[in-house]
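The values are calculated or read from the model by the stated rules, or taken from the named source; none is laboratory data. Everything quoted here is computed from the prediction, not taken from an experiment. Here Cβ is always computed from backbone atoms with ideal geometry, including for glycine, and neighbour counts include all displayed protein chains. These accessible areas exclude ligands, DNA and RNA; they are computed on the full protein's heavy atoms, side chains included. Shrake-Rupley method; radii C 1.70, N 1.55, O 1.52, S 1.80 Å.
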Amino acid sequence: MSENPVGLRLDDAGLAAELPRPDHAQDQIHDVPFRPVEFRDDDLPTALERSAVWLRRVQEWLGEPVDVIAVHLDYNDQDGAPYYEVKLLCNEEDLAGAPVAMREAAQPAG
């Protein structure tokens, strides 16, 4: 792994330790370069609401809008197992907290 010149605190998956995680047990952040953050529910408005709540929390933590390059919707409407899956394809550097670390590094020590 390359050296970390701006002092990012990353977990084993390469995400910022302070990054707010989705709260619901069915929601997750995937492990790929542009990371899909998944919100899954049997009710589409609920999945969308949870994704919006998470985006607001991360934007507040990040101090700027999260770079979301795509939104993907998948669904299963079969009897007995309906679900909706909303995936936000997010910039890995944002989820690692790079903008936060850059601002902290730019501040004069004092």
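The table below lists the values:
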read-out	value
So GLU49, is it more than 23 Å from GLN107 (Cα to Cα) and in a strand (DSSP E or B)	no
Answer residue from the stretch 26-60, given it is crowded, with 16+ Cβ neighbours inside 10 Å and of a type in the set (Val, Ile, Thr) and is modelled with the lowest pLDDT among those	ILE29
All positions within the stretch 1-11 that are open to solvent by 80 Å² or more (accessible area, probe 1.4 Å) and at pLDDT 85 or above	ARG9
Answer from GLU104, GLU18, GLU64 - the residue that is assigned to a loop (DSSP other than H, G, I, E, B), touching a residue at least 60 places away in the same chain (Cβ under 8 Å), out of contact with any Cys (no Cβ under 8 Å at 6 or more places or on another chain) and surrounded by fewer than 16 Cβ atoms within 10 Å (Cβ to Cβ)	GLU18
Per-region count, the stretch 68-101, residues part of a loop (DSSP other than H, G, I, E, B) and either on the phi < 0 side of the Ramachandran plot or surrounded by fewer than 16 Cβ atoms within 10 Å (Cβ to Cβ) (or both)	7
Unmet requirement for ARG56, which otherwise passes all of (1) free of Cβ contacts under 8 Å to residues at least 12 places away in the same chain; (2) assigned to a loop (DSSP other than H, G, I, E, B)	(2)
